[in-house]
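These notes concern the structure reproduced below.
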Amino acid sequence: MAYLELDRVAKQFGAMTVVDGFSLAVGKGEFISFLGPSGCGKTTTLQMIAGFLDPTRGAIRLEGKDLTAIHPAKRGLGIVFQSYALFPHMTAAENVAFGLEMRNVPRSERAERVRTALAMVGLAGYEDRHPRRMSGGQQQRVALARALVIKPSVLLLDEPLSNLDAKLREEMQIELRQIQRTIGTTTILVTHDQNEAMSLSDRIVVMSQGRIEQIGTPQETYERPASAFVSQFLGKTNDFAATIDRTSAPARLTAGSWSVPAPAGLSGPVTVSVRPERIGFGDVGLSAKIVTRIFQGNHWLFQCDSECGPAIVIRQNDGQAQPSEGEAVRLVWRPEDMSVRAGAAA
Amino acid sequence: MSAVADTAPQAAAKERGARAPWAMTAPALMLFVGVLLIPLAMTVLLSFHDWGQYKGIEPVFILKNWHEIATDPYYAEMFWRTFRIAILTTLLTAVLGAPEAYILNRMSGRWKSFFLLVILGPLLISVVARTLGWALLFGGNNGLVNKLLMSLGVIRAPIPFMFTETGMVVALAHVMMPFMVLSVWAALQRLDPQIENAAMSLGAGPVTIVRRIVMPQIMPGCCRARSSCSRCRPAPLPRPRSSAAAGSRSRRRSPMTSSSTR
Ligand SMILES: Nc1ncnc2c1ncn2[C@@H]1O[C@H](COP(=O)(O)OP(=O)(O)O)[C@@H](O)[C@H]1O
Ligand SMILES: [Mg+2]
């Protein structure tokens with residue numbers, strides 16, 4: 001049975017539906033990311049789990065028990081806010097101790113657990129600092145320690161790293177993942193950064209306009225995107241308009257001068273989606289001309305003008321000779337590297 | 001400006017950066033010095049001079065005035081009364097104003113504007129109209145407040161409000177309320193909107209959240225309000241010496257006319 005379960009959850013503000021038909025089963029110890037553009041309802045969903053908002057429809061269950069019937073203060077979830085929401089008039093240690101105080105943990109045990117929690121996030125020795133005298137990264141760590149020290153059943157993180165600069169963000173990502181692995185807390189992370197979602201999560205929930213587009217492992221969502229939205233949102237991709245012709249046997253999938261045996265199922269106009277790093281240059285395939293060639297150290301980036309529209313190709317800098325600008329090439333890829341969706345490319 | 005800063009040595013630029021705040025606050029600072037500090041200093045100097053009904057101010061150095069202030073119970077009583085009224089007014093304003101600001105902060109847009117106007121009311125009404133209003137509410141044994149309290153059965157005999165300290169404190173708290181509400185409201189708006197949720201998620205109930213999280217953060221606002229209250233507090237106006245013996249000195253001051261500053 002799922003540890004945390006969201007069953008067709010929906011949220012309306014007045015006439016506006018912000019989240020709709022959100023169903024998700026989270027396993028114990030899993031690291032899940034809600035990924036989507038700003039305004040797609042990630043925070044709203046997280047706040048419904050936290051209890052700050054009540055779902056308009058649907059059920060949220062934790063270990064089979066209805067969570068919506070429990071007051072937010074009694075849910076025992078750990079939450080890290082985007083703004084950290086630290087208590088500015090308390091020291092780091094007092095901030096972390098607050099949740100334990102509310103649980104009437106004896107003073108000596110409290111001090112011990114606060115020390116352990118701060119040490120875990122790398123802030124040993126900062127017990128008596130006030131938040132305003134700490135850097136963004138340090139405040140972030142205090143917020144994390146404060147949420148974890150109460151041994152939450154689920155840890156909810158709302159864009160916790162978005163206020164940090166790129167380098168610090170990467171460090172914190174690694175650290176977050178390590179901490180989560182060590183203590184095994186079921187975690188839900190909200191983010192609009194696809195790299196963050198991919199590098200941290202066991203599974204990603206891709207959201208758009210209040211609906212789930214796809215749920216899958218980072219690899220699945222990247223390599224077999226369920227919709228045009230997912231393939232566009234998770235990194236660069238090339239979409240080619242193609243047709244599947246089933247009138248003649250064997251059925252064929254054709255885009256311009258490129259043609260292969262059709263996969264089962266679809267017919268009529270379809271979209272063929274291929275990641276730039278999966279395209280190579282060969283003798284047969286989609287004919288194209290190289291418009292620009294950009295050297296980026298460990299790889300080359302080609303912008304091509306193909307017979308089915310613009311295309312991007314990324315090639316490893318493996319020492320092989322690469323085509324130059326203006327050269328006519330053929331774009332090839334293996335059948336397993338493309339995903340085919342019904343409908344014409346946008 | 002920036003072109004100059006680009007060519008100038010860095011140290012000079014830094015120095016200018018340090019001076020900029022001073023330059024910008026200079027006008028206000030000069031006004032402050034001119035209308036407050038200098039007159040105060042002159043008053044202090046004056047306090048060491050002698051004065052007589054017929055000889056006027058005599059520029060001599062004496063400690064007679066200070067000695068009189070320290071020893072004459074008339075002044076002690078006056079200071080104590082001033083202090084007491086200030087504290088009571090502030091307490092009453094804080095007790096009513098802080099929750100008022102908290103509720104105001106949680107209201108939605110339209111209601112918030114409406115009630116803000118209501119709260120600012122006392123400042124918008126002229127002193128005369130306001131005094132008259134309180135006189136009608138408090139006046140004699142037939143004042144509205146007394147009638148109401150008696151008909152509700154809270155009190156049996158009318159409470160004397162007019163010309164009493166009770167009446168003064170109530171009326172002063174009314175005038176000071178906007179300062180308190182606005183200061184506390186400003187402090188509340190600086191709170192992280194998620195901070196109450198953060199406390200709640202850690203297991204804190206509503207009372208604990210207000211006591212442990214909200215109150216400590218708005219206390220600076222309360223203090224600011226208190227200092228604006230004391231600015232507008234009744235100034236200790238000395239009576240002519242002849243009436244000093246009369247025990248009913250405070251009774252002769254109407255609540256409103258003693259509000260000195262505005
Ligand atoms: N309290 C609210 N009242 C009305 N609309 C809201 C409220 N909170 C959020 N919304 C709307 O819901 C949508 C989703 O918001 P949110 O969940 O914060 O998005 P995300 O976190 O994915 O950026 C937004 O369009 C936002 O304007
Ligand atoms: Mg958000």
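The values are calculated or read from the model by the stated rules, or taken from the named source; none is laboratory data. Everything numeric in this text was worked out from a predicted model, so none of it was measured. Glycine gets a Cβ as well: all are built from the backbone with ideal geometry, and neighbour counts include every protein chain shown. Heads up: the accessible areas ignore ligands, DNA and RNA and are worked out on the full protein's heavy atoms, side chains in. Shrake-Rupley method; radii C 1.70, N 1.55, O 1.52, S 1.80 Å.
Given the residues B:VAL145, B:VAL175, which is the only one that is more than 14 Å from chain A (Cβ to nearest Cβ), hydrophobic (A, V, I, L, M, F, W, C), out of contact with any Lys or Arg (no Cβ under 9 Å at 6 or more places or on another chain) and crowded, with 17+ Cβ neighbours inside 10 Å?
Result: B:VAL145 is the single residue among B:VAL145, B:VAL175 that is more than 14 Å from chain A (Cβ to nearest Cβ), hydrophobic (A, V, I, L, M, F, W, C), out of contact with any Lys or Arg (no Cβ under 9 Å at 6 or more places or on another chain) and crowded, with 17+ Cβ neighbours inside 10 Å.
Please work out which residue is most open to solvent (accessible area, probe 1.4 Å), limiting yourself to the range A:262-293 and to residues that are within 19 Å of A:ALA328 (Cα to Cα) and of a type in the set (A, V, I, L, M).
A:VAL284
Condition check ((1) more than 26 Å from B:ARG190 (Cα to Cα); (2) touching an Asp or Glu at 6+ places or on another chain (Cβ under 8 Å)) across all residues:
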{"residue": "A:HIS71", "(1), (2)": "yes, no"}
{"residue": "A:GLY125", "(1), (2)": "yes, no"}
{"residue": "A:ARG129", "(1), (2)": "no, no"}
{"residue": "A:SER162", "(1), (2)": "no, yes"}
{"residue": "A:ASP165", "(1), (2)": "no, no"}
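Pull out all pairs, ordered by first then second residue, where Cβ-Cβ is under 9 Å, the residues are six or more apart or on different chains, the first lies in the range A:147-163 and is free of Cβ contacts under 8 Å to residues at least 40 places away in the same chain, and the second is within 16 Å of ligand 2 (Cβ to nearest atom) and of a type in the set (D, E, K, R).
Listed by first residue and then by second, the contacts come to A:LEU161/A:ASP193; A:LEU161/A:GLU196.
Testing A:LEU234 on (1) over 30 Å from A:SER33 (Cα atoms); (2) out of contact with any strand residue (DSSP E or B) (no Cβ under 6 Å at 6 or more places or on another chain), one condition comes back false. Which one is that?
(1)
Among the residues in the range A:50-67, are any open to solvent by 10 Å² or more (accessible area, probe 1.4 Å), within 14 Å of another protein chain (Cβ to nearest Cβ) and within 16 Å of ligand 2 (Cβ to nearest atom)?
Yes: one or more hits.
Could you count how many residues in the range A:137-168 are away from chain B (no Cβ under 14 Å), within 24 Å of B:ASN197 (Cβ to Cβ) and more than 16 Å from ligand 1 (Cβ to nearest atom)?
4
If A:MET198 satisfies all but one of (1) open to solvent by 40 Å² or more (accessible area, probe 1.4 Å); (2) away from ligand 1 (no atom under 16 Å from the Cβ); (3) over 10 Å from the mean Cα position of the chain (by Cα), what's the number of the condition it fails?
Looking at each condition in turn, A:MET198 falls short on (3).
Looking at A:THR91, A:THR116, which is the one that is away from every other protein chain (no Cβ under 14 Å) and surrounded by fewer than 23 Cβ atoms within 10 Å (Cβ to Cβ)?
Answer to the selection: A:THR116.
Please determine whether any residue of the range B:139-159 is under 24 Å from the mean Cα position of the chain (by Cα) and more than 25 Å from A:ALA85 (Cβ to Cβ).
no
For the range A:68-82, enumerate the residues that are open to solvent by less than 50 Å² (accessible area, probe 1.4 Å) and more than 12 Å from every other protein chain (Cβ to nearest Cβ).
A:THR68
(1) surrounded by fewer than 19 Cβ atoms within 10 Å (Cβ to Cβ); (2) near ligand 1 (Cβ under 10 Å from one of its atoms); (3) among the small types (Gly, Ala, Ser): which one isn't true of A:GLY36, the others all being true?
Going through the list (1) surrounded by fewer than 19 Cβ atoms within 10 Å (Cβ to Cβ); (2) near ligand 1 (Cβ under 10 Å from one of its atoms); (3) among the small types (Gly, Ala, Ser), A:GLY36 breaks only (1).
Where residues in the range A:182-227 are within 16 Å of ligand 2 (Cβ to nearest atom) and among the hydroxyl-bearing types (Ser, Thr, Tyr), which of them is nearest to the other protein chains (Cβ to nearest Cβ)?
Result: A:THR191.
Taking A:THR247 as meeting all but one of (1) modelled with pLDDT of 85 or more; (2) open to solvent by 20 Å² or more (accessible area, probe 1.4 Å); (3) of a type in the set (S, T, N, Q), write down the number of the exception.
Unmet for A:THR247, out of (1) modelled with pLDDT of 85 or more; (2) open to solvent by 20 Å² or more (accessible area, probe 1.4 Å); (3) of a type in the set (S, T, N, Q): (1).
Across the range B:189-223, which residue is surrounded by the fewest Cβ atoms within 10 Å (Cβ to Cβ) among those that are away from chain A (no Cβ under 11 Å) and modelled with pLDDT under 90?
B:GLN189
Could you check the range A:13-33 and list, in sequence order, the residues that are over 16 Å from A:ILE188 (Cβ atoms), surrounded by fewer than 17 Cβ atoms within 10 Å (Cβ to Cβ) and touching a strand residue (DSSP E or B) at 6+ places or on another chain (Cβ under 7 Å)?
Across the range A:13-33, the qualifying residue is only A:GLY21.
Collect the residues in the range A:119-135 that are within 14 Å of another protein chain (Cβ to nearest Cβ) and either assigned to a helix (DSSP H, G or I) or touching a strand residue (DSSP E or B) at 6+ places or on another chain (Cβ under 7 Å) (or both), keeping them in residue-number order.
Matches in the range A:119-135: A:PRO131, A:ARG132.
Return only the number of the condition from (1) loosely packed, with under 10 Cβ neighbours inside 10 Å; (2) of a type in the set (Val, Ile, Thr); (3) touching a residue at least 12 places away in the same chain (Cβ under 8 Å) that B:ILE119 does not satisfy.
(1)
Please indicate, with yes or no, whether at least one residue in the range A:201-209 is β-branched (Val, Ile, Thr), surrounded by 19 or more Cβ atoms within 10 Å (Cβ to Cβ) and at pLDDT below 95.
No, the range A:201-209 contains no residue that is β-branched (Val, Ile, Thr), surrounded by 19 or more Cβ atoms within 10 Å (Cβ to Cβ) and at pLDDT below 95.
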